Each structure stands twice: as structure tokens, then as C-alpha cells.
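See structure below.
The values are calculated or read from the model by the stated rules, or taken from the named source; none is laboratory data. Small disclaimer: the values here were computed from a predicted structure and weren't measured. Here Cβ is always computed from backbone atoms with ideal geometry, including for glycine, and neighbour counts include all displayed protein chains.
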Protein chains: 2
Amino acid sequence: MNSVSSVSHYSPDHAGLQKALGVLKQRFGELFQDSNALREQHAHTTTYLPLQMPDAVIFAESTQDVQDAIRTCAEYKVPVIAFGTGTSLEGGVNAPYGGISIDVSRMDKVLKVNSEDLDCVVQAGCTREALNVYLRDTGLFFPIDPGANASLGGMAATRASGTNAVRYGTMKDNVVNVTAVMPNGEVIRTAGRAKKTSAGYDLTRLLVGSEGTLGIITELTLKLYGVPENISAGVCQFPSVDAACQTTIQAMQVGIPIARIELLDGLQVKMVNAYSHLDYAEEPTLFVEFHGSNAGVAEQIEFFTEIAAQNGGSGIQWAEKSEDRNRLWKARHNAYFAMLAYRPGASGIATDACVPISRLAECVAETQKDIAELDLIAPIIGHVGDGNFHCTPLIMMDDKDEVRRAEIMIKRLAERAIAMDGTCTGEHGVGQGKRKYMELEHGSGWAFMSAIKKAIDPDNIMNPGKVIAD
Amino acid sequence: MNSVSSVSHYSPDHAGLQKALGVLKQRFGELFQDSNALREQHAHTTTYLPLQMPDAVIFAESTQDVQDAIRTCAEYKVPVIAFGTGTSLEGGVNAPYGGISIDVSRMDKVLKVNSEDLDCVVQAGCTREALNVYLRDTGLFFPIDPGANASLGGMAATRASGTNAVRYGTMKDNVVNVTAVMPNGEVIRTAGRAKKTSAGYDLTRLLVGSEGTLGIITELTLKLYGVPENISAGVCQFPSVDAACQTTIQAMQVGIPIARIELLDGLQVKMVNAYSHLDYAEEPTLFVEFHGSNAGVAEQIEFFTEIAAQNGGSGIQWAEKSEDRNRLWKARHNAYFAMLAYRPGASGIATDACVPISRLAECVAETQKDIAELDLIAPIIGHVGDGNFHCTPLIMMDDKDEVRRAEIMIKRLAERAIAMDGTCTGEHGVGQGKRKYMELEHGSGWAFMSAIKKAIDPDNIMNPGKVIAD
């Protein structure tokens with residue numbers, strides 16, 4: 001290619017859409033639904049982006065169903081949007097050009113657990129919690145935990161991660177292969193189950209993070225891990241956010257294999273306390289968890305406690321019993337709802353900066369300065385072991401000036417993360433909300449993403465309006 | 001795309017080639033070489049594939065040099081083949097359609113060590129050994145070790161791994177970003193240095209393993225690790241290859257984080273003894289290494305010793321001092337030369353099966369049956385913790401019947417690995433030698449690789465004749 005051409009804007013064809021709807025209704029019967037309520041539910045987005053409804057929803061029950069739906073959509077050039085649990089934060093399930101939402105939530109089976117190989121095969125609609133319930137008696141677990149009880153297919157599609165990623169990696173590291181229906185209706189399986197392969201281009205990792213714009217994932221093989229002999233979680237307060245960040249940086253640098261290390265600023269702790277009926281000191285806080293053998297965890301804790309103390313950290317308050325530990329992490333996972341409850345009527349605008357860990361403290365400090373200067377309410381919470389944090393301005397969307405100030409803060413944060421050789425989206429994906437930063441972040445690389453999109457989906461039917469340029 | 005079209009066969013254009021050679025000679029002066037000796041050296045292949053020389057060699061000294069060379073080649077549609085150290089096993093540096101070999105071995109600098117972020121930036125021609133020498137006083141190291149002292153750019157391009165991959169992953173897991181010159185001459189950097197990102201398609205992992213067919217890597221950011229407090233290596237003999245495989249499988253299943261676990265069959269041990277002047281018992285053997293804290297390694301060793309004993313393994317003979325450990329791994333790394341020395345005049349034909357670990361023992365056993373049935377000399381050595389092993393028939397290439405029998409064995413092995421949901425190439429790449437198995441291994445996925453190739457390199461100038469279909 002001498003010049004990288006961009007993907008053409010999707011142009012809806014009303015007659016084609018009507019024909020497709022007719023064919024799909026006939027093929028899918030009760031699995032085809034076009035009530036307003038269902039369409040609206042499938043444009044669900046948990047952020048400030050407006051709802052954009054699909055024209056109909058198909059409840060797929062098999063890869064064959066997805067294939068049949070996509071073949072029809074391809075024939076009539078109708079957009080196809082994959083839907084799992086609808087927990088995307090960047091408008092991933094919105095349908096800006098209408099089209100068909102393919103809901104895979106009924107494809108929720110665990111198809112196979114290969115305990116000898118430490119992997120399992122699941123349908124795309126199986127959620128991470130359902131998988132872990134299924135695995136309960138095997139001594140194995142799937143670690144990736146983005147908070148929401150998301151579908152595993154959706155987690156793969158957005159390259160999700162979350163609290164455990166600091167130790168276990170992201171979906172990129174834990175998806176062995178995917179089965180996907182491609183825009184021309186062909187079904188591919190991107191790899192076998194070998195632990196490694198150098199057999200050509202890495203289609204697995206091309207589809208992981210492609211957000212339904214290259215194909216729809218219907219099945220996936222995931223890595224599993226043995227449940228550690230010892231899991232210890234606790235809470236530690238610090239005199240400043242900087243001290244908590246420095247503790248994190250130093251712990252990572254000396255190589256402590258921490259399983260989770262989550263920062264909450266004082267405001268966020270206050271919100272969590274109120275929502276989850278807890279009484280943590282309302283100061284910058286790290287929630288930490290260690291996994292390993294008894295001896296290994298003891299060693300990790302010893303190292304960590306020393307580093308925390310050097311930075312002025314309190315002694316760690318341990319969640320000794322598993323129910324205390326669950327309460328701790330549930331409170332952490334409910335942080336988003338705690339924020340919303342703290343300022344009724346406000347929208348929380350998710351941000352997702354991720355920077356090299358050496359820049360973390362500086363990135364957080366400059367962001368806090370912005371928050372103060374712009375007079376915003378914006379708690380900070382983050383997967384700081386990965387250099388990733390979420391600062392979430394709580395905004396009254398009808399207060400134009402507040403919206404404007406929030407936009408300034410968000411733009412500065414995204415640009416700051418990129419300038420620090422990081423990313424504006426560590427784990428939430430691009431969707432609609434982050435497209436505007438992609439050229440700044442990727443430079444000339446972004447056009448190559450468009451070229452790949454165009455090669456695989458020349459009619460731009462797969463989740464149009466997401467990830468790449470229109 | 002309604003039907004995936006394949007990439008067109010490269011058609012050399014003699015007049016265009018001559019013009020390109022003229023322009024490049026003028027631009028590069030002494031850095032442009034077209035002597036027969038240098039051309040032949042740059043078609044070096046350490047396997048049975050024939051040498052196919054490029055028309056000229058350019059010794060690039062910067063990304064700018066690579067860019068200028070590629071721009072000229074793009075203009076005249078002349079093939080471009082990247083060359084690092086020439087240790088590819090599947091004909092990766094061969095030039096079946098002639099063209100320009102771009103030798104990056106002079107781009108050998110470590111540009112930056114970000115010790116706080118546990119990463120470093122290197123030029124593509126820097127070798128893994130040179131990097132580790134450079135890091136010697138930092139307390140950090142780069143673990144990926146394919147045996148050969150390969151260039152890091154080449155290792156990324158072939159998605160290399162080797163003995164340490166069982167613990168540290170492959171190049172896929174350890175390349176943070178690459179800078180690459182694309183077929184249209186544009187320079188892209190695939191990502192920043194954040195530990196995670198969900199900002200669009202994973203161009204890093206698309207280029208890792210693309211074997212120079214999509215772009216030429218000129219710089220890369222790599223993950224580093226703290227040198228473990230304790231490194232313990234040893235050797236353990238078993239009554240059968242199966243017993244050694246079972247030990248490996250069980251050790252992986254209980255989650256011992258072994259840093260290396262290498263199987264050698266009795267024949268291979270005999271060859272290694274002769275070549276490296278050692279006196280190991282000539283029985284199926286595991287070379288193992290453990291990394292961690294003192295307490296952690298003691299725990300790993302205790303678990304492993306117990307599992308080995310249950311499978312009839314001997315006590316572990318420890319390589320206590322670091323020079324003994326180096327001698328052990330040097331002997332392992334010289335296994336290929338030991339094979340060749342064992343049967344002077346023979347060619348070693350590298351194979352690279354990788355299967356889910358639950359199928360490893362069966363795959364090795366069936367392969368051994370073939371070796372016996374076909375009356376071949378073919379030692380087995382492998383990274384068995386990953387389910388990956390190399391069985392290398394030593395063949396007198398002028399003995400047509402022996403060549404025929406070896407081909408039967410190799411074909412059966414590749415097809416067996418694929419049938420077991422594995423791959424015929426765990427770490428050597430596709431190159432020329434493994435292309436014939438790609439359709440069997442990937443099914444309809446292979447055509448999507450061709451579609452990506454065509455989108456990014458429509459004139460097929462980047463390493464034509466490799467990885468994908470002509």
C-alpha cells in the first residue's frame with residue numbers, strides 16, 4: 001500500500017435493512033426481537049455516551065446462529081454488533097448506524113475443562129463468575145477480574161484486565177485461542193491449545209481487543225491457574241497518594257509478585273465506606289492481595305510491609321477470613337456504584353490512563369492538580385501495579401460549565417498519559433469514546449489498523465463507528 | 001471480503017531490479033555490497049533448505065537507512081529480506097525471488113534501560129547475549145534464550161522462545177513495542193511503554209512472528225526481570241522418556257514455576273557427552289533450573305524431587321557453582337552441533353512440534369515408534385514444560401531412500417502435532433519449510449493471514465515466499 005486508505009463511512013441502506021430484518025425474523029423466530037425495550041437494553045452503556053439502539057436483537061444459541069445472522073447481514077450490508085453483558089464503558093455495544101445486535105448471553109456453557117493442560121473451553125457468553133463457580137471443585141480458577149461480571153467473550157473482545165492483571169496479565173495473556181465468525185460468514189479458530197506457537201500471524205491477539213470490529217468471538221480457550229495454597233488480603237493507609245504510589249512502584253521494582261494492588265484516594269475511600277458500610281480511615285489507601293504457598297506469601301508480606309513502612313504506611317489490616325476478603329473486594333468492585341450514590345443524579349465519566357510505572361506518581365499528582373483547579377469531584381482508584389488508574393469525574397450533565405470543565409480534565413489526562421509513553425485506555429477499549437485520541441497515540445500506526453479492518457471487513461459491517469476512523 | 005484472495009506470486013522485474021541496485025549503491029556506498037561471498041552468507045540457513053541468495057546486501061546503521069532502502073525497493077517492487085544473525089531454521093533469510101537483504105547487525109545498541117519500569121529499548125541487531133552483558137551490573141536480565149545468540153529483532157520477528165519460556169513466556173509475552181519500517185516506507189511504533197493497553201488492534205503482536213513479511217523491525221522495547229536471588233540447576237535421569245515426560249507434566253500441573261525443564265533422550269545425551277566432554281548416564285534425562293528466593297527455590301526443589309522420584313527418577317545431580325551451571329546449559333545449547341558431529345556429513349532436519357502438555361508423552365512415544373520403524377537416527381530434545389520438542393533426523397542428503405524416510409517421519413510428526421491440537425512449529429516460525437502445513441493447521445484462518453499481508457504489503461515485496469501462500 002502506498003498510502004493507507006481509511007475505511008469508508010458506513011452508509012445505511014433502508015431497503016437492504018428491511019430485507020435483512022425479514023430474513024432474520026423468519027430464520028430466528030422467537031430468538032429475533034425488535035421491541036423498543038430490548039433494543040434499548042442492548043445499547044446499554046455505563047458512561048456518558050448517548051444510547052444508540054440497534055434495529056433488532058438476535059439471541060444466538062450457537063456459533064451456527066451467529067454465522068447465519070452474519071451471512072444475512074453481510075448479504076444486505078447491515079451492521080452487526082456483538083453483545084455479551086453490556087458492561088462496556090466506551091460505547092462498545094452502541095449501534096450508531098443501527099443494525100443487528102447479536103446477543104451471545106445464552107451461549108454460556110463451559111464446554112471443556114482440560115485440567116491437565118490448565119485450560120478450558122467456554123462459549124463467549126459465559127461470564128467470569130459463572131466460570132469460577134463451575135471450576136469450584138477442580139482446584140483451578142480463572143483470575144482475570146475486571147470488576148463487572150462480564151462475559152468472557154466480551155472481556156476478550158475489549159482486552160479487559162482489572163485487579164488481578166498485575167500478577168496474571170490481561171486477556172491478551174490468557175486467551176489461548178478464539179473461535180470467531182468473520183465478516184464474510186466464515187468461522188475460524190485462531191490457534192490450537194499448545195502453550196506456544198510460531199505458526200504465522202497471531203490471529204488470536206488480533207481478535208483479542210478488536211471490539212467486534214473484525215469478527216464475533218463465539219468460543220474461546222482460556223488459561224487456568226491452580227488456586228493458591230495461601231491468599232492473604234489487607235488494607236494499608238498512607239499519608240499521601242504519592243506515598244502509596246511510591247510504595248507500589250518500589251514493590252514492583254523489587255519483584256514482589258503481588259496479586260492485586262489497588263489504590264483508592266481519600267475521597268474514594270469515603271464513598272466506599274458510605275456505600276458498603278465500612279469504616280476505613282478516609283486516607284489514601286492500598287488494598288493488596290498476595291497469592292502463593294504459605295512460605296511464599298509470608299515472604300511477600302514481609303517485603304511489602306517493610307516498603308510500605310518506609311513510605312509512612314500504616315500496619316496492614318488483614319482480612320483474615322475468606323468472607324472478610326470477599327467483603328473487601330466487593331467493596332472495591334462496587335466503587336463505581338459508590339461514586340454514583342455519593343452524588344445522586346451525576347454521571348461518572350470513566351477514564352483509564354495507564355503509564356510506565358516510573359511516571360505513575362507524577363501522572364496522578366498532575367491529575368489531582370487539574371481536579372482541584374477545575375473544581376471537580378473526581379475520585380481516583382486504580383490498578384496501580386500496572387501503572388493504570390481511573391479518575392472518574394462525577395458530573396451533572398445538565399450543568400454545561402461542569403461538563404466543559406470535566407472535558408478539559410479528561411482531555412488533559414488522556415494527552416498526559418500518551419505524552420508519558422502510556423495510553424489513554426489501559427483496559428476499557430476504544431469503542432466510541434476514545435477514538436479521538438487514537439491518532440495522537442498511534443501516529444502512522446493507526447492507518448495500518450484501518451488497513452487491516454478494510455481487508456477483513458471491506459463493507460464495514462462489523463461494529464461500525466468503533467475503534468478505527470470512520 | 002466475500003472471498004479471501006491470496007497474495008499474488010512475486011514476479012521479478014529485471015529492469016526494475018537493476019535500477020534499484022543502482023539507486024541503492026549510490027545512496028549506501030560501502031554499506032551496499034554485492035559480492036558472491038556476502039550474498040551467500042546472507043542466505044545462510046542451518047537446515048536442509050537450499051541457499052537462495054539476495055542480489056545485494058545493505059548494512060543498515062539506522063532506522064533511516066532501513067526506511068531509505070525500503071522506499072527504493074517499494075518504488076521498483078524489489079524484494080526486501082531482513083537479516084539479523086542468520087540463525088533462522090526455516091529459511092527465513094533465504095531470497096527465493098532475489099532482492100535486497102537488509103542486514104541490521106550493525107544496529108546493535110542498547111538505547112535505554114528503564115530499570116524502574118523493568119524494560120529496555122534496543123536496536124534490532126543487538127543480540128540477546130550482548131544485551132545481558134550490558135545489563136550485568138543492573139541486577140536485571142532478559143530471559144528469552146533460544147540457544148543461538150540471535151538478534152533480538154530476529155527473535156521478535158520469528159516469535160522465538162527456548163529454554164526459559166516455560167517460566168518467562170515467549171517473545172510474544174516480552175516485547176512491549178516495536179518500531180518497524182512498513183512496506184510503504186512509513187515508520188510506525190506499535191505501542192508505548194505502559195504495561196497494558198486496550199487501544200485498538202495489537203500491532204505489536206501482529207509484527208511479532210510476522211517474519212519480516214509485514215515490516216522490518218528496527219527497534220524494540222523488551223521486558224526485563226530481576227536476577228533471582230537463587231538459581232539452582234541440575235540433571236535427573238529417568239528409566240524411560242515416558243517417565244521423564246510424566247514428571248514434567250505433573251510438575252507443571254501442580255504449578256511449580258520451573259525456569260527451565262529440558263528433555264534429552266538417551267541418544268541425545270550420548271551425543272552431548274561426546275561433544276562437550278561430559279559423562280552423564282546415557283539415559284532419558286531432564287535438565288532443570290529453578291529461580292526464586294532461597295526459600296522459594298528450596299520449596300520448588302522439594303516438590304520437584306518428590307515428583308521425579310515417584311516416576312523413577314534418579315536423585316538430582318546439582319550444578320552448584322555458576323560455572324558448572326553455565327557448562328550444563330552450554331552443553332544443552334550445543335546439542336545441535338553435537339548431533340552434527342555425531343554423524344559427520346549428515347544434515348540435521350529441525351522439527352518443532354508443540355502440543356498440549358497432556359498429549360506430550362503420547363506424541364513423543366509415537367514419534368519414537370516412527371523413528372524405529374523408519375530406521376532413522378533422530379535424537380529428541382525439547383522444552384517439555386511447554387509441550388514442545390525437537391526431533392532431529394540426521395540425514396545423508398545424497399541417500400535418497402533415507403531422505404524419503406525422513407520426510408515420512410517429519411510429515412507424520414507435523415500432522416500428529418496438529419491433530420493433537422498443537423502446532424508443527426512451536427518456536428521456529430513458518431519461513432519456507434513449514435508453509436505446506438499451514439492450511440492444515442489453520443483451516444480457513446490461513447486465508448485471513450493472506451488478506452492481512454495483502455492489505456499491508458500489496459506488492460508482496462516483504463520477504464516474499466515466506467509464511468503465507470504465494
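Only one entry of A:S161, A:S151 meets the criterion of being buried (at least 24 other Cβ atoms within 10 Å of the Cβ), at the interface with chain B (Cβ under 8 Å from one of its Cβ atoms) and over 20 Å from B:P356 (Cβ atoms), and that entry is A:S161.
The rows are residues; the columns are (1) assigned to a helix (DSSP H, G or I); (2) surrounded by 24 or more Cβ atoms within 10 Å (Cβ to Cβ); (3) within 14 Å of another protein chain (Cβ to nearest Cβ); (4) among the β-branched types (V, I, T).
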position	(1), (2), (3), (4)
A:I408	yes, no, no, yes
A:K411	yes, no, no, no
A:I418	yes, no, yes, yes
A:H428	no, yes, yes, no
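In region B:173-201, of all residues being closer than 22 Å to A:E211 by Cβ, out of contact with any Cys (no Cβ under 7 Å at 6 or more places or on another chain) and β-branched (V, I, T), the one that is farthest from the other protein chains (Cβ to nearest Cβ) corresponds to B:V176.
The set of residues in region A:98-116 that are over 19 Å from the mean Cα position of the chain (by Cα) and either among the polar types (S, T, N, Q) or modelled with pLDDT under 95 (or both) comprises A:S101, A:N114, A:S115, A:E116. One residue stands out among those in region A:250-267 that are over 13 Å from A:E306 (Cα atoms), over 23 Å from the mean Cα position of the chain (by Cα) and not polar (S, T, N, Q): the one that is nearest to the other protein chains (Cβ to nearest Cβ), which is A:G255. Being away from chain B (no Cβ under 14 Å), over 23 Å from B:G200 (Cβ atoms) and in contact (Cβ under 8 Å) with a residue 60 or more places away in the chain, is that true of even one residue in region A:102-114? Checking region A:102-114: at least one residue is away from chain B (no Cβ under 14 Å), over 23 Å from B:G200 (Cβ atoms) and in contact (Cβ under 8 Å) with a residue 60 or more places away in the chain.
Of the listed requirements (1) at the interface with another protein chain (Cβ under 9 Å from one of its Cβ atoms); (2) out of contact with any helix residue (DSSP H, G or I) (no Cβ under 6 Å at 6 or more places or on another chain), B:H291 misses just one: (1). The residues on offer are A:I395, A:I357, A:I380, A:I307, and the sole one that is outside the structural domain of A:G422 (by TED's automatic domain parsing) and touching a Ser or Thr at 6+ places or on another chain (Cβ under 8 Å) is A:I307.
Which of the residues spanning region B:270-298 are farther than 22 Å from B:A243 by Cα and not in a strand (DSSP E or B)? Passing the criteria: B:A274, B:Y275, B:S276, B:H277, B:L278, B:S293, B:N294, B:A295, B:G296, B:V297, B:A298. Hey, any hits in region B:161-176 for a residue that's farther than 26 Å from B:D457 by Cβ and among the basic types (K, R)? Yes, region B:161-176 contains at least one residue that is farther than 26 Å from B:D457 by Cβ and among the basic types (K, R).
Annotation note: Cβ proximity below 6 Å between a residue of region A:377-392 that is under 26 Å from A:I256 (Cα atoms) and a residue that is in a strand (DSSP E or B) and among the small types (G, A, S) (sequence gap 6+ or interchain) occurs for A:N388/A:G382; A:F389/A:G382; A:H390/A:G382. From the list A:E262, A:E219, the one residue that fits, being within 30 Å of B:V467 (Cα to Cα), of a type in the set (D, E) and crowded, with 19+ Cβ neighbours inside 10 Å, is A:E219. Tell me whether region B:441-451 contains one or more residues that are closer than 21 Å to B:K172 by Cβ, within 9 Å of another protein chain (Cβ to nearest Cβ) and of a type in the set (S, T, N, Q). Among the residues of region B:441-451, not one is closer than 21 Å to B:K172 by Cβ, within 9 Å of another protein chain (Cβ to nearest Cβ) and of a type in the set (S, T, N, Q), which makes the answer no. In the set B:E282, B:E262, only one residue is within 21 Å of B:N388 (Cα to Cα) and among the charged types (D, E, K, R); that residue is B:E262. Whether a residue is surrounded by 24 or more Cβ atoms within 10 Å (Cβ to Cβ) and either more than 7 Å from every other protein chain (Cβ to nearest Cβ) or under 27 Å from B:V78 (Cβ atoms) (or both) was assessed, and B:G382 passes this test. Scanning region A:384-406 for residues that are assigned to a helix (DSSP H, G or I) and of a type in the set (D, E) yields A:D386, A:D401, A:E402.
Of these, A:A365, A:A353, A:A335, A:A331, which one is touching a residue at least 40 places away in the same chain (Cβ under 8 Å), within 14 Å of chain B (Cβ to nearest Cβ) and touching a helix residue (DSSP H, G or I) at 6+ places or on another chain (Cβ under 9 Å)?
None of the other options fit; the residue is A:A353.
When the test is whether a residue is more than 7 Å from every other protein chain (Cβ to nearest Cβ) and of a type outside the set (S, T, Y), B:G422 does not pass it.
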